[in-house]
1. Could you say which residue among G207, G211 is modelled with pLDDT under 95, outside any helix (DSSP H, G or I) and either crowded, with 16+ Cβ neighbours inside 10 Å or not aliphatic (A, V, I, L, M) (or both)?
2. When both residues are 6+ apart or on different chains and their Cβ atoms are under 7 Å apart, which pairs have a first residue that lies in the range 130-145 and is at pLDDT below 85 and polar (S, T, N, Q), and a second that is loosely packed, with under 13 Cβ neighbours inside 10 Å and not in a loop (DSSP other than H, G, I, E, B)?
3. Conditions: (1) polar (S, T, N, Q); (2) part of a helix (DSSP H, G or I); (3) modelled with pLDDT under 95. T73 meets all but one. Number of the miss?
4. Go through the range 167-199 and give me each residue that's in contact with a Ser or Thr (Cβ under 7 Å, 6 or more places away or on another chain) and either of a type in the set (K, R) or loosely packed, with under 15 Cβ neighbours inside 10 Å (or both).
5. Tally the residues that are open to solvent by 30 Å² or more (accessible area, probe 1.4 Å) and over 25 Å from G211 (Cα atoms), restricting the search to the range 1-20.
6. Please work out which one of (1) modelled with pLDDT of 75 or more; (2) over 19 Å from the mean Cα position of the chain (by Cα); (3) in a helix (DSSP H, G or I); (4) among the aliphatic types (A, V, I, L, M) is the condition I44 fails and give its number.
7. Of the residues that sit in the range 150-182 and are in a loop (DSSP other than H, G, I, E, B) and charged (D, E, K, R), which one is modelled with the lowest pLDDT?
8. When the residues of the range 103-125 are narrowed to those that are at pLDDT below 80 and of a type in the set (G, A, S), which ends up most open to solvent (accessible area, probe 1.4 Å)?
Amino acid sequence: MPIKFPNLLQDSWNFIRNQHTFSLLAIILLSALQFVNLFLVPRIGNMDAENVEMTLSDLFPLLVMGVANIFITTLLILNIKEINRGSFKHFFQNLSVAIAKLFPVVLLNIIMVLPLSIGMASQVFGAKAGNGLSMIAFPLIIGGAFLFIKLCLSVYAYLIEELNGVNEAIRFTWQLSRGRGIALVLFCVISYFVPQILMSFLSGLSGNTLGLVVNVLVSSFFSLFITVFSFRFYQAYSQNNVVRG
């Protein structure tokens with residue numbers, strides 16, 4: 001049975017609207033993280049694209065903010081799972097579980113995006129320097145994109161199915177993705193590329209304080225919506241595969 005993306009999008013919106021306390025706290029937390037990020041790493045955002053020189057002190061805040069964002073996403077996924085089970089009590093009830101599962105989730109994210117990131121970086125720096133880096137970029141980008149699509153649900157599988165470690169999550173997700181490439185590609189387009197396009201458009205509003213606040217709030221809402229949508233997609237996707245099996 002094909003996955004009906006319009007229904008999943010509508011269901012995700014209904015979930016956010018019905019779980020208003022959870023949604024409000026999630027948006028507040030995501031917005032606070034973005035505001036901290038704006039004040040913590042302002043220099044990096046203003047760097048000249050032609051002369052980018054980053055030190056360890058520049059990278060550290062970015063790494064901290066990246067891990068913090070992954071932690072919040074992990075907490076949201078665990079809370080959505082509890083809401084579905086009917087055992088949700090308060091927003092921070094899964095705080096200790098999220099802390100315990102943070103390192104595997106971070107590792108899964110790194111494995112998922114690293115080859116594609118290396119390929120894209122090789123293309124950029126190779127084109128600028130005029131050396132052989134750009135020659136190896138294309139196969140890295142193709143292979144990295146394939147790996148990204150295959151493992152895009154690995155974090156959700158790990159947290160929802162309560163799998164034992166990174167290796168089991170990768171094996172489980174890889175098996176789950178067999179023969180369902182089109183659905184995964186559509187999911188990646190909706191979850192990753194469309195929000196990037198929308199946020200690029202909204203970034204033009206950040207010229208003043210009001211525009212910056214609106215940009216952060218809208219971005220936080222999109223982050224929450226995509227997390228809920230990804231959860232719903234994983235449920236439909238995994239159930240479909242069970243039925244097919």
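1. Going through G207, G211 in turn, the sole match is G207.
2. Partner pairs satisfying both residue conditions: S134/A127.
3. The number of the failed condition is (3).
4. Answer for the range 167-199, where residues must be in contact with a Ser or Thr (Cβ under 7 Å, 6 or more places away or on another chain) and either of a type in the set (K, R) or loosely packed, with under 15 Cβ neighbours inside 10 Å (or both): just M199.
5. Matching residues across the range 1-20 total 11.
6. Result: I44 passes all but (1).
7. Within the range 150-182, the match that is modelled with the lowest pLDDT is R180.
8. Across the range 103-125, the extreme among qualifying residues is A121.
The values are calculated or read from the model by the stated rules, or taken from the named source; none is laboratory data. Everything quoted here is computed from the prediction, not taken from an experiment. Neighbour counts are summed over all protein chains in view; Cβ atoms, including those assigned to glycine, are modelled from backbone coordinates with ideal geometry. Remember, those area values only see protein heavy atoms, side chains included, never the ligands or the DNA or RNA. Shrake-Rupley method; radii C 1.70, N 1.55, O 1.52, S 1.80 Å.
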